[in-house]
Amino acid sequence: MTPDLLAALQAARAAKRPVVLATRLPDGAQYLLPDPKAPAALAVAAAAALHGEASASVALGGETWFLHVHNPPPRLAIIGAVHIAQALAPFAAQTGFGVTVIDPRGAFATSERFPGVEISRDWPDEAMARFAPDARSAVVTLTHDPKLDDPALDAALRSEAFYIGALGSRKTHAARLKRLRELGHDDAALSRIHGPVGLDIEAVTAPEIAVSILAEIIAARRGAAMGQKAAA
Amino acid sequence: MNEVEDVLAVAEGWRAAGEKVALATVVETWGSSPRPAGSQMAVTAGGRMAGSVSGGCIEGAVAEAARETIASGVPRLLDFGVTNERAWEVGLACGGKVKVFVEAVA
């Protein structure tokens, strides 16, 4: 790999642009796709690899190319700069998520409590409009305060977010579903919300609850059975 | 970032500090190999390593091949696995097989 190509790859990753580094085996000829100069078949294969989020070797016209997918990190919005969030944010960052903590309450959402984490002090409806969740995003509400959680869940339900979780007891969750139904979300939509949030590992402490939430997010992302929503 | 360390950033940093660097990348796996395709390791001529291409089973052999590639400039495609004769030297205890591509950053 030439140093120029490595620099271009790193620039794309820093800019969060999805790219594929295609390497011909075994001679090492390379393209950083998308690239208008790349062969059409290679461009098609690279686009498919990006979509499937899987790096792989492919045979194209008698040649073998390794397609190395560099997608931007999946993202996690945490609503509520609370104690569980203080554990969840660094755990999620370590597993490869780009984390945004959303909380308009200035006393909670401080960089002292969340070192190195992107913080939004906007109201959740505005913050979520800016976060713009997509199919590679997860959204977790942790405030227990309907004024803050509900607008975020409303926005998440109107997106393709692959995971939506809401902290709260079964009773709290039932009341929450009732409110969200009044906002126009039907049962099918509401069934996307994981609540009570997290895998049932009998978590007690805030970091343990964070682990249970993150494990559920990973299970949903990877398609594991335990990450699917159980019937309520 | 999806890994413990950003191998490409480490490789760039080493180059900027004047070291000769090679990259090793898992390009194909079969069976229960420990690291998926795309897993990477950076190696310097001086013997520094970052990242991994297995659970630690073949890193030594890959590093040796990487230093040869740094010296020759010629990329290499390495096979590791139980059906390979090298399995007696450096194999994958898990029974998986991997192909690793080694290239110099130059």
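In chain A, the longest principal axis of the Cα atoms and the axis of helix A:83-94 are about 10 degrees apart. Remark on A:His194: its backbone amide H falls under 5 Å from those of A:Ile164, A:Gly165, A:Ala166, a criterion applied only to residues 5 or more positions apart or on other chains, H modelled at 1.01 Å from N. Report, ordered by chain and residue number, the lysines lying within cross-link reach of B:Lys99, taken as a straight Cα distance under 25 Å and ignoring same-chain residues fewer than 8 apart. Leaving aside lysines fewer than 8 places away in the same chain, those within reach of B:Lys99 are B:Lys20. Within 10 Å of the Cβ of each residue in A:5-17, the mean number of Cβ atoms contributed by other protein chains is 2. Modelled label positions at A:Met226 and A:His83, each set 7 Å beyond Cα in the direction of Cβ, lie 2.5 nm from each other. Here the average projected area of the convex hull drawn through the C-alpha atoms of the protein assembly as shown stands at 19.9 nm².
Can you give me the distance in nm between label points at B:Glu64 and A:Ala41, each placed 7 Å from the Cα along the Cα-to-Cβ direction? So the label points at B:Glu64 and A:Ala41 sit 3.7 nm apart. For the range A:21-39 and the range A:157-172, compute the distance between their C-alpha centroids and round to whole Å. Distance between centres, Cα-based: 41 Å. Each label point was placed 7 Å from the Cα along the Cα-to-Cβ direction; for B:Glu5 and A:Leu5 their separation is 2.4 nm.
What order, most packed first, do the peptides B:21-29, A:201-209 have when packing is the mean number of other Cβ atoms within 10 Å of each residue?
On the way: B:21-29: 24.8, A:201-209: 13.6.
Going by the mean number of other Cβ atoms within 10 Å, highest first, we get B:21-29, A:201-209.
Across peptide A:22-31, the average count of Cβ atoms from other chains found within 10 Å of a residue's Cβ is 4.
Please state the relative contact order of the range A:3-70 as a whole percent: Cα pairs under 8 Å, 6+ residues apart? Please list the in-between numbers first.
Numbers: 94 pairs, mean separation 23.1, N = 68.
Once divided by the residue count of the range A:3-70, the mean separation gives 34 percent.
Over all directions, the projected convex hull of the C-alpha atoms in the range A:94-175 averages 5.8 nm² in area. Of the residues A:Pro18, A:Pro36, A:Pro146, which exhibits the maximal mean-square fluctuation in a Gaussian network model of chain A defined by a 10 Å Cα contact cut-off? Between A:Pro18, A:Pro36, A:Pro146, it is A:Pro36 that shows the largest mean-square fluctuation.
Largest GNM mean-square fluctuation across A:Ala49, A:Ala77, A:Ala215, computed for chain A with C-alpha springs under 10 Å, falls on A:Ala49.
Residue by residue along A:84-96, Cβ atoms of other protein chains within 10 Å of the local Cβ number 1 on average. By how many degrees, between 0 and 90 and to the nearest 10, does the Cα long axis of helix A:40-52 differ from the longest principal axis of chain A? Rounded to the nearest ten degrees, it is 20.
Which shape class, rounded, prolate or oblate, goes with the range A:1-55 when its Cα gyration tensor gives a ≥ b ≥ c as root eigenvalues, a/c under 1.5 marks rounded, and past that a/b bigger than b/c marks prolate?
Values: a/c = 1.62, a/b = 1.06, b/c = 1.52.
Note, shape of the range A:1-55 comes out oblate.
Ordering A:110-117, A:99-106, B:43-50 by mean Cβ neighbour count within 10 Å, with the highest value first, yields A:99-106, B:43-50, A:110-117. To test your reading of the geometry: what angle, between 0 and 90 degrees and rounded to tens, separates the Cα axis of helix A:170-182 from the longest principal axis of chain A? Result, in degrees: 80.
No value in this document is a laboratory result; all are computed from the given coordinates. The model shown is predicted, which means the values in this text are computed figures rather than measured ones. All Cβ positions, even for glycine, are placed from backbone atoms using ideal geometry, and neighbour counts span all protein chains on display.
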